[in-house]
């Protein structure tokens, strides 16, 4: 099961609000063709075939298997720049989820 942390949810909502994304918009997570990385970007609506998670996270068709057992988290620096990270849900929540992979894409909240 894929989950989104409260921190990531708050960051996503702030990014959507500040970017002027229309109601029904969200962020879309997609696998990079031919690579093992993921891309996250603001999207005005889900694409055909996307799975909608928590109303504002769109998972591109074919990307869901890469997210099984993962949690999307967010880290913010002093300038409020957000970096999304993908971690293993089974890790201790007091640990940083960064050990698996950073998700390409960031935003300012």
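Note on residue 89 and residue 10: with the Förster distance fixed at 22 Å, the Cβ-Cβ geometry gives a FRET efficiency of about 0.70.
Note on residue 35 and residue 55: with the Förster distance fixed at 22 Å, the Cβ-Cβ geometry gives a FRET efficiency of about 0.20. Annotation for segment 1-31 versus segment 39-91: alpha-carbon center distance of 8 Å.
Each value in this text was obtained by applying a stated rule to the coordinates, not by laboratory testing. Here the structure is a predicted model, which means the values were calculated and not measured. Every residue, glycine among them, receives a Cβ derived from its backbone with ideal geometry; neighbour counts consider all protein chains shown.
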